[in-house]
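Just below is one structure, and these are the notes that go with it.
What follows is calculated from the coordinates using simple rules that are stated; it is not laboratory data. Just so we're clear, the structure is a prediction, and the values are computed from it rather than from any experiment. Cβ coordinates were reconstructed from backbone atoms using ideal geometry, including for glycine residues, and neighbour counts include every protein chain displayed.
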Amino acid sequence: MQKRMKVSMYLKRLLLSVFLLFVSSLAVVGCTGTSLGISPDPSKLHYPVGLAVHPSGKFLYVANSNFDLAFTGGTLMVLDTTEDPTNTSVVDINGVQTELMTLKLLEKSTVQVGTFAGQLAINATGTELFLAVRQDKVLGSFDECTSDADCTKTYKDAGESCVRGHCRLAQTIQASSVVQLTLDTTKEEGHLQCDNKTLSTNDTGGVAIEGGDEFPPAPLCGDSSKIYLEDSPAPYGVKIIQQCVALRTCTSDDECACSADDKSKGLCVADQRCDFARCVAGCVADTDCKTGEVCEKGRCLTSDPKGSACSVDTDCAGGERCDKGKCTPGCQNDSDCKSGESCTDGRCKTSQSETETYCGHATDCESWQRCEQKRVLVTHLVSGGISELEIPAEGWSSKTVEEKEKLRLVKGNTALPKSATSLTLLPSGGLEGLGGQIFLSSREDANIYMLPPSASILDSSSLVKFPFTHLSHSSSSLPDVRGIVIGHDKKNKWVRLYVAVRNPDIVLVYNLEKNAAGDGVSATLLKTIPVGADPAQIVYRPGLLGRTDLLYVVCSKDRRIDVINTETFQVVHRIAVGQQPYFMTYYEPRSATDEVRHRRAYVANFLDTSITIIDLDKHRVIGRVEGIRTSIRLAP
């Protein structure tokens with residue numbers, strides 16, 4: 001108890017510094033003992049940091065950091081975003097008792113992770129989640145046992161022994177990790193799935209908080225659910241790199257028939273055609289074709305061809321195609337084809353992209369493609385640089401424990417700056433041929449770094465320093481960049497990089513264009529926008545249906561979200577949220593068929609352990625999820 005009181009006093013002093021969240025992760029490493037301690041309450045928010053919305057919009061995932069070291073670790077929990085007007089709570093807002101909507105927690109799906117969780121990311125299909133954890137514990141095999149002889153596995157040469165019926169390490173090993181979880185949205189219990197090791201209440205001491213009742217402990221994510229990082233670099237930001245890939249490959253139209261099984265798997269809705277070795281959407285009925293043509297196997301064919309015999313298109317003269325074994329006039333050039341098609345061997349085919357298409361959402365890809373995860377990048381808060389994890393084509397969760405062991409350990413590129421914070425990706429289509437470039441910022445470095453998408457991060461020769469001079473806009477030698485994001489404004493056809501800088505509190509806006517050689521990116525500073533104190537994160541929201549694109553800046557010290565019109569550079573809304581917000585995520589439907597229709601933003605208020613819910617149509621707070629009340633507060 002005395003040790004915990006000392007830690008608490010130390011944390012209070014840390015909270016007075018401008019490095020609130022970052023410095024704390026360094027100061028407390030090593031403070032956690034090897035005792036089993038008290039498990040976290042699976043039903044309460046506790047210093048929330050990272051959060052994300054499921055692609056369907058139905059669920060909100062929240063990472064709790066265990067910032068005050070009250071428990072044996074943090075948690076990852078799931079909230080149902082279904083809005084029930086009768087499910088409300090009364091909260092104190094600036095001394096005024098206010099009734100706000102709240103959300104239902106899927107309590108039996110909460111899992112325990114390590115301490116000081118950072119950001120999290122969900123893949124486009126909504127099946128896997130990755131969470132950065134700065135201070136984790138290597139637990140050991142955790143197999144059931146009756147004696148030490150039952151424990152045969154070793155971790156980093158540390159032997160295991162039988163402790164309370166489970167194989168545990170003789171000495172707890174502290175490490176940084178990335179936790180991988182599988183999402184099963186059909187379940188309310190077990191929605192979050194990792195290498196679950198359910199602990200008994202007796203084993204953990206249960207949960208006893210501020211006089212509250214005891215709760216069954218959350219299932220614990222074991223070692224085989226984690227990717228351990230060398231030298232414990234304190235991972236923070238997480239980015240999943242995803243690309244559009246064909247749902248089905250082929251060599252002929254026959255292979256693109258759409259069977260009942262294919263339809264049930266969502267691979268197609270009708271017969272398709274084979275263009276450039278992939279099955280693509282084609283005609284469905286004769287009415288989709290020109291007069292004199294019929295639809296067969298997803299392709300418009302001349303109904304009664306008269307030309308010379310042929311087997312394939314290349315048997316015919318230029319400008320002709322092979323239909324039903326006869327050469328018949330086809331397209332002459334690309335202008336004869338529909339938008340998105342090109343003329344090849346006399347036939348209009350869905351164009352073959354010369355570059356890979358990067359995606360963040362399923363709607364970023366064509367109907368015959370899926371948005372597939374390729375690798376995960378994680379920023380390093382201490383040692384600098386980033387780490388990468390290659391994702392197997394069949395997904396991380398499909399691998400056995402032994403296969404995961406081989407893929408788990410990744411070494412980052414420390415040639416990049418220390419205190420790396422944010423990652424952003426140049427979207428495909430913005431600067432033709434340059435999509436997928438990775439941009440990285442740092443608290444301590446005056447440069448923005450750019451990495452080519454195809455090069456390994458371990459190859460220092462691939463790194464490019466972006467020629468930014470944002471130190472000239474800062475009153476301190478420490479630029480303290482917390483958030484960066486790239487936005488592609490499709491209405492105005494521009495691509496811009498937005499950089500949040502402290503000292504002073506501003507957002508720098510850069511216009512991105514191809515360089516003179518056409519093989520790289522150049523930047524021009526357009527505007528400096530004053531914002532609230534301590535900007536922590538920037539979120540870019542494209543304007544759907546012709547609306548103006550908006551920028552959301554999370555201003556931690558001023559407890560608000562500043563909303564910026566990206567055309568006028570004016571702050572158009574200031575939304576008051578909770579104390580010390582750090583991260584925000586949002587959801588809005590992409591099509592008329594989306595089941596969830598509301599547009600909502602969710603903000604993690606770190607210091608008062610709550611989540612603020614914002615209506616994005618009216619830009620006002622409509623709800624709040626309360627967590628454990630804490631005694632740590634910032635000085636006035």
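Summary table below
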read-out	value
Simple label model, 7 Å out from Cα along Cβ direction - D288 to K493, nm	3.0
Order of F116, F67, F583 under a 10 Å beta carbon neighbour criterion, fewest first	F583, F67, F116
Burial order of peptide ranges 333-345, 593-605 (average beta-carbon count within 10 Å, highest first)	593-605, 333-345
Radius of gyration, Dmax [the stretch 506-581; alpha carbons; angstrom]	14.5, 48
Cβ crowding within 10 Å averaged over residues, with 307-319, 126-138 ranked highest first	126-138, 307-319
Extension reserve of the K418-D617 stretch, reckoned as 0.36 nm per residue once the Cα distance is removed	67.7 nm
Cα gyration tensor of the stretch 422-576 - equivalent ellipsoid semi-axes, whole Å, descending	24, 20, 13
Volume of the Cα convex hull of the stretch 227-320, divided per residue and given in Å³	201
Contour excess over end-to-end distance, with Cα ends at S367 and T593 and 0.36 nm allotted per residue	79.9 nm
Fully extended contour minus Cα-Cα distance, from Q352 to N565, at 0.36 nm per residue	73.1 nm
Förster-model FRET efficiency, 35 Å R0, V464 and D336, C-beta, rounded to 0.05	0.30
Simple Cβ-charge dipole of the stretch 422-576, Lys/Arg +1 and Asp/Glu -1, about Cα centre, in debye nearest 20	460
Protection-proxy order for peptides 186-194, 256-264, each taking the mean of Cβ atoms within 10 Å per residue, highest first	186-194, 256-264
Cross-link partners of K349 among aspartates and glutamates (Cα-Cα below 13 Å; sequence separation of 8 or more within a chain)	D253, D275, D313, D334, D336, E341
Residues of the stretch 97-124 with amide N under 17 Å of a point placed 7 Å along Cα→Cβ from T88	97-104
R0 of 51 Å, Cβ-Cβ distance A270-E230: FRET efficiency to nearest 0.05	0.55
Mean separation of Cα contacts under 8 Å, 6 or more apart, over the residue count of the stretch 509-636: relative contact order %	14
